[in-house]
1. Using the structure shown, decide if A:Glu93 is over 19 Å from A:Leu8 (Cβ atoms), part of a loop (DSSP other than H, G, I, E, B) and acidic (Asp, Glu).
2. Only one of (1) farther than 16 Å from B:Asn237 by Cα; (2) surrounded by 12 or more Cβ atoms within 10 Å (Cβ to Cβ); (3) within 14 Å of chain A (Cβ to nearest Cβ) is not met by B:Glu312, so which one is it?
3. Which residues, counting only those in the range A:1-31, are closer than 22 Å to A:Ala57 by Cα and of a type in the set (Ser, Thr, Tyr)?
4. Got at least one residue in the range A:112-132 being out of contact with any Pro (no Cβ under 8 Å at 6 or more places or on another chain), buried (at least 17 other Cβ atoms within 10 Å of the Cβ), within 26 Å of A:Leu6 (Cβ to Cβ) and not charged (D, E, K, R)?
5. Residue under question is B:Ile64, and the condition is that it be among the β-branched types (Val, Ile, Thr), outside any helix (DSSP H, G or I) and touching a residue at least 60 places away in the same chain (Cβ under 8 Å); does it hold?
6. Just wondering, is there one or more residues in the range B:304-313 that are touching a residue at least 12 places away in the same chain (Cβ under 8 Å) and within 22 Å of the chain's Cα centre (by Cα)?
7. How many of the residues in the range B:314-337 are in contact with a Phe, Trp or Tyr (Cβ under 8 Å, 6 or more places away or on another chain) and free of Cβ contacts under 8 Å to residues at least 12 places away in the same chain?
8. Name the pairs whose Cβ atoms lie under 6 Å apart, with the first residue in the range B:74-93 and farther than 20 Å from B:Ile123 by Cβ, the second among the polar types (S, T, N, Q) and assigned to a helix (DSSP H, G or I), and 6 or more positions between them or separate chains?
Amino acid sequence: MSNKHLFLPSGFIRTPLQNGLGRYIPQLQRITLKFCKNHGGSRGVRDFIETDLMEFAKTNPGTVVYLKPRRHRYPCMVAEYLNGEREYLSCHEFSRAEIQKWLSYMCTRSGIPVMRFRKYQHTDYPSIQGVWNPFTHQAPEINVAQFPHEILSKPVDNGPTATDQLIEIFKKTQIKDPVKPEH
Amino acid sequence: MAALWKTCHQCLRYGLSHKSFYPSVSAINVISKRNFKPRWVAPTLREIKRRKDVEDDRNGGPKIFHRSTFLEWNYDAEIFAFSNRLGEKFNEATLRTALTHKSYVERETARLSDIGVDSYLQIQNNEELAVAGGALISKFTNGYLRAVFTRVPEELIMAMHDFLTSTSNLEIVGKHIGLGDLMLCSDFPCESETYVKSLKAVVAALAESSGEERARIFVQDLVVTQLYGLDINELWNPADPVGNLTDILKREGKAEPEFRLIKHSGQNSVLAVYYVGVYSDKNFIAEGAGESLEIAKEMAAREALKQLFHTEDSMKALPFGRQLKNIQSKIVQLENQPNLPLSKWISEKVTSAVH
């Protein structure tokens, strides 16, 4: 039930600079794809670069894509966000589709580190009629009342108690005119 | 030393990240997977980190490098991405000028003259653009505030304007649109003033490239939205609310405000609370609560003023973005038309906002 065992930080949903309120600014600033031109583990990245990369760059003109071919190195991608955060992901032995998936994941993030959301809803107006305080629903007459007061001193009338109701039921079950036994 | 170098190579072979070879950054998050490393890896990395921390402490903090010192850096591509990210079209020369600071030009001229090349650099700096942009941001902010807060006195408008155009607010905006890596300046890490100047110059460049209309929408989308979630009554409060309320009611021809105690509790305790209501000619206007009678009276007067200005806690939500489409012409009209000051405020002369 509790989340204390998780090392994941928790928080409420937020966005940098009220993104989306005025206009939506894609938060991914640049992405660096490092791969080997020869090694088999970079095959997926190489295939992605040859086929899907141009389309990705065209659909995300606000993101700069850097390619770093490095021999004898495993493939990886480093995403840099507008709020200064960096995300590193190793792409070793990934397929072309997996690279596409992770790249689209990086694009849609805001750069705020992954955290457990405490609530999935948020409101700026938590109370419509006003938060309850002890003076809500109090009769204004108590201000100028002299105690003991014949109405206000008594407990608030909530109707007959359970005992009273049982007595009423018992009385109803009684015979009205008991017949006197004839000698 | 040789052993350490060998272990580093082994670290690389096992596919570890080059975190220790990257310039230090404040946060690098790794999307982790299940990796089973040999026993000696963790202690080795721990020792490397410990030695690095000792060196960093000795040098007064980790070394920081400007993003342009990286091998993967293309200034033209970054400029292109900057304008596309914001969804705006810039005249490229104007944008580059807007991002060039005087300190950078001076530094470059000094460097060239040190080498021996005594040339007068033709690069323009952003001083004039910054001044123009500052005036534009101020104007557009005022227009928005006066169009949305029609019933509010000019003092509160000025307080909100001062907050929105403050150095801290504009610096945050500048940082989060990616200006930090694009600015050409001699100070690193860049100061707040540099960010603010760049942002103002960018706004002026946008007005020059795409027109004032686009620049207005830009300021509304990025600067003014920082008003969201803020309690504007925290920014400014009338100094003498009781006196102000009395003056306003007198000007409107209504009866003098009468303060009556409505509720109280815990008078002899630390947690005393008094609710005082303001009445004008036996009509209830507002109530306020406080720890003492004087505080409660002042709070009641403040609440009454808030109700007159339509700035209560339950006021209408502020419009942003697309919701401003219908009132853009009104915003333009009110940019140079200040609201009524508190000394002259009267409800007949103000209209309720429709947005």
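The values are calculated or read from the model by the stated rules, or taken from the named source; none is laboratory data. Quick caveat: nothing in here was measured; it's all calculated off a predicted structure. Cβ sites come from the backbone with ideal geometry, for glycine too, and all protein chains shown count toward neighbours.
1. The answer is yes for A:Glu93.
2. So B:Glu312 meets the others, but not (1).
3. If the condition is that a residue be closer than 22 Å to A:Ala57 by Cα and of a type in the set (Ser, Thr, Tyr), then A:Tyr24 is the only one that fits.
4. No, every residue in the range A:112-132 fails to be out of contact with any Pro (no Cβ under 8 Å at 6 or more places or on another chain), buried (at least 17 other Cβ atoms within 10 Å of the Cβ), within 26 Å of A:Leu6 (Cβ to Cβ) and not charged (D, E, K, R).
5. So B:Ile64 passes the test.
6. Yes: one or more hits.
7. 1
8. B:Lys89/B:Ser210
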